[in-house]
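The values are calculated or read from the model by the stated rules, or taken from the named source; none is laboratory data. Just so it is clear, the model here is predicted, and its values are computed rather than measured. Cβ atoms come from the backbone with ideal geometry, glycine included; neighbour counts cover every protein chain shown.
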């Protein structure tokens, strides 16, 4: 018979395994820190130059100034436009690096023991191209969904111009938003567990993709509960930090450094929540693939 392993057990086990693999937390943190530093450097140069020659520096210590922000963007719009190709390249490299590490995370966090960094990188390397293909399939499906949504929205606007009853138009809009949200969530679920199958199982690519998607069909409630539970954890972490930032405004250098330290702690919690996301999905998939075979006496002969 098949061993049942629900969403609650997956989230609990996923949290324990994410904490056990704390080295992966700092690997992901170092990657995010490096990526953020590379992307922020051009903006930081312009920001420092702009603030140093204005009276905005002391005001910004007391909190964010939207007026200064508008003036800053307007004065440097040409420079930011020239940076757009670099930003797109860096964003693409960031996505590729995340795909690279995703395989290592799914594989590492599906096991009961902690893995060493070299094992993580070795598995990430071997899984990069299969996971890249799975990600491209997901992107293609999302593009199709986007185009279908645009076509549906255009049909709704045409109906509005044709003076159809406003209540019917409102109902059509609600149906559109609801269906798009459900399809978007379904694509994400299939893609996540397909990536988990590609990372954990040991046979060819397409059977693993089929098995991952079939898992969602067989265990829709558990898959959805793990997805929403892990997502809710990330939302709570982000919301807590936003509330903290609204309530704290540093007007001294020590307070500013304190806010920076608090931001780094938030990033660590955010990464930990992401590791729980990977771990819970990997645990749910792997544990529900285990079959207990009853040994018959003739099998021992």
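Among the candidates 121, 129, single out the residue that is assigned to a helix (DSSP H, G or I), touching a helix residue (DSSP H, G or I) at 6+ places or on another chain (Cβ under 8 Å) and free of Cβ contacts under 8 Å to residues at least 24 places away in the same chain.
Just one listed residue meets the conditions, 121.
When the test is whether a residue is assigned to a helix (DSSP H, G or I), modelled with pLDDT under 75 and over 24 Å from residue 193 (Cβ atoms), residue 38 does not pass it.
Which members of the stretch 213-226 meet the condition of being touching a helix residue (DSSP H, G or I) at 6+ places or on another chain (Cβ under 7 Å) and either surrounded by fewer than 20 Cβ atoms within 10 Å (Cβ to Cβ) or within 13 Å of residue 274 (Cβ to Cβ) (or both)?
Within the stretch 213-226, 213, 224, 225 meet the criteria.
Out of all the residues in the stretch 226-239, is one or more at pLDDT below 95, outside any helix (DSSP H, G or I) and under 29 Å from residue 26 (Cβ atoms)? Within the stretch 226-239 (the criterion being at pLDDT below 95, outside any helix (DSSP H, G or I) and under 29 Å from residue 26 (Cβ atoms)), the answer is no, since none of the residues qualifies. Kindly provide the set of residues from the stretch 188-217 that are closer than 15 Å to residue 104 by Cα and in a helix (DSSP H, G or I), ordered by number. If the condition is that a residue be closer than 15 Å to residue 104 by Cα and in a helix (DSSP H, G or I), then 192, 193, 194, 195, 196, 197, 198, 199, 200 are the ones that fit. The residue list 44, 30 contains one member that is more than 30 Å from residue 205 (Cα to Cα) and modelled with pLDDT of 90 or more, which is 30.
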